[in-house]
Structure formats: C-alpha cells, structure tokens
Amino acid sequence: MLKVSGLNAWYDRSHVVQDISFEVKQGEIVTLMGRNGAGKTTTLRTMMGLVDKRGGSMVFDGTECLMRPANSRFHLGLAYVPEDRRIVPGLTVRENLQLGLIASSRRERMDDMVDRIAETFPRLKERLDQEGTSMSGGEQQMLAIARAMMAEPKMILLDEPSEGIMPILVDEMFELFHRMKQQGTTILLVEQNVERALSISDRAYILDQGEIVHAGTAQALLEDQEIQEKYCAV
Ligand code: ATP
C-alpha cells in the first residue's frame, strides 16, 4: 500500500531524515519508534509534503506522490493527524467532524458519515453538540482522528496520539486503533508509548538520528528489551 524509498528531508542545512526506506502493507498497523528528536515527526511531515526540502520516493496505492503538493494526498486516500490536534474553536464536535468531508466530492453524505463515525467513537457521540475545544485533551485527540476518518481514508498517519492523555483514554484509543484496523484502515503510528504501540502493531521501525537502525515484527521488538532501552528510552 505504501512504499517509501530513500526518503530525505532537511530543515535549512540540517539533514534531519537520512535516506530511510520502509513499507506498510494493506491492513497493517506499523509503528515508527525512536527517542525525542529522532526524526519521526519530520518523517510524517515529509511524507505529507509539508517539508519543502525533501527527496526520495513515496509510492502510495500505486501512485508516486512525494513531490506532489500536500493537498493531493487527501484525494488519494491518505490522512494525517498531526500532534497538535487543530480542533477549530467555536465549532461543535459535529461541525468539526463535518470539516473532514468539506473538501470531498462526497459532501452530501456528511450527516450519514457523522452518524457512522459517532458509532465508532462513542465518547464523541455523547458530545456532538458540545464545543470541540471544551473537551479534554484526549477527547480532542479522538475528535481529530474521527475527523480524519470522515473521508474514509485508505491509510492514516498518526503522530503521537496518546501523548499527554489520561490513562483511561489511552486504553480507549488503542482499542480504537484495533477497531479501525478491523474495519480495514491501514495505520502508520508514531508513538512513545512503546509497549502499547507494539501490542497492537504488526511491525515496527526504529529511527535514530534520522536513520532507520532496526526493523522487525512487533512481537520480536516487544521481547527485545535491549533494543527498546537503547533506542526508545525517552
Ligand atoms: P519528538 O518525539 O520530540 O517529536 P521526533 O522524533 O518526532 O521527536 P522531529 O520532531 O522530527 O523528531 O525532529 C528531528 C530533528 O529536527 C530535531 O533535531 C529537531 O530539533 C529538528 N527540527 C524539527 N522541526 C524543525 C523545524 N521546523 N526547523 C528546524 N529544525 C527542526
């Protein structure tokens, strides 16, 4: 579904992502792990066309799209939820969800999709008419994910969704990812919560100083304390 080859990214002269290659197969959950500053966020932003100085190749669902403008990914079925959730102040949960379909040719299905999404995200269903930014951080994170799911993307990139969220919502969130996978969504996850992420992932890659230093099945990495301590301790 996604094949990234020789990806590079720079901020000015700083070479932050260095020639990395990885793939995500249809239906998989794959986690990108690594310490703070390893280059995980920059990798996702580069894939989404949000880092100007970039190079390499990214084939998504048969289409080379690395150098295409950022907004073209939406129409190919690739969604992205950045770390800062970008919930629009002054809008209700329902209205924030509707924004997820505003650029789509399926706009007329908005009400239907809000109902469907609300079934997958029960916490939002109870709060559809509440202002989005009045919810807790974890609930806002769920709203950001739900909004991205409105367009029924084939694949979603999630940047540290569990960061700063209370434990009970973290549990709910990881259950949610499992459900999204069962419903057919492919997921690339950036997470610091290594054990939780690995427990729902198929495979993982470890980034260190902008390079991929290890790749393996989630199960093998879960059992490898040494690698986890070496590259993933915060
Ligand atoms: P974290 O978990 O802390 O977000 P990360 O693995 O996602 O870490 P990045 O945010 O991709 O890492 O950062 C990789 C490197 O790029 C770091 O050295 C960081 O300081 C640098 N960097 C990130 N964003 C910018 C920017 N906008 N301009 C310049 N340098 C940046």
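The values are calculated or read from the model by the stated rules, or taken from the named source; none is laboratory data. Just so it is clear, the model here is predicted, and its values are computed rather than measured. Cβ coordinates were reconstructed from backbone atoms using ideal geometry, including for glycine residues, and neighbour counts include every protein chain displayed. The accessibility values were calculated without ligands, DNA or RNA, using every heavy atom of the protein model including side chains. Shrake-Rupley method; radii C 1.70, N 1.55, O 1.52, S 1.80 Å.
The figures follow:
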read-out	value
Output for region 39-88, where each listed residue is touching a helix residue (DSSP H, G or I) at 6+ places or on another chain (Cβ under 9 Å), part of a loop (DSSP other than H, G, I, E, B) and closer than 25 Å to S105 by Cα	M48, G49, L50, D61, C65, L66, R68, P82, R85, R86, I87, V88
Condition met for G39 (of a type in the set (G, A, S), touching a residue at least 40 places away in the same chain (Cβ under 8 Å) and in contact with a Leu (Cβ under 7 Å, 6 or more places away or on another chain))	yes
Single unsatisfied condition, I29 versus (1) near the ligand (Cβ under 9 Å from one of its atoms); (2) open to solvent by less than 20 Å² (accessible area, probe 1.4 Å)	(1)
Hey, T42 out of contact with any Lys or Arg (no Cβ under 6 Å at 6 or more places or on another chain), of a type in the set (V, I, T), within 16 Å of the ligand (Cβ to nearest atom) and in the same structural domain as I165 (by TED's automatic domain parsing) or not	yes
Selection count, region 49-98, where residues are among the β-branched types (V, I, T), closer than 30 Å to E119 by Cβ and crowded, with 18+ Cβ neighbours inside 10 Å	3
Residue list for region 161-186, restricted to those being in contact with a Lys or Arg (Cβ under 8 Å, 6 or more places away or on another chain) and under 23 Å from L76 (Cβ atoms)	T185, T186
Qualifying residue in region 152-171 (condition: in contact (Cβ under 8 Å) with a residue 40 or more places away in the chain, in contact with a His (Cβ under 9 Å, 6 or more places away or on another chain) and open to solvent by 20 Å² or more (accessible area, probe 1.4 Å))	no
Residue within region 8-24 that is more than 16 Å from the ligand (Cβ to nearest atom) and over 18 Å from V81 (Cβ atoms) present	yes
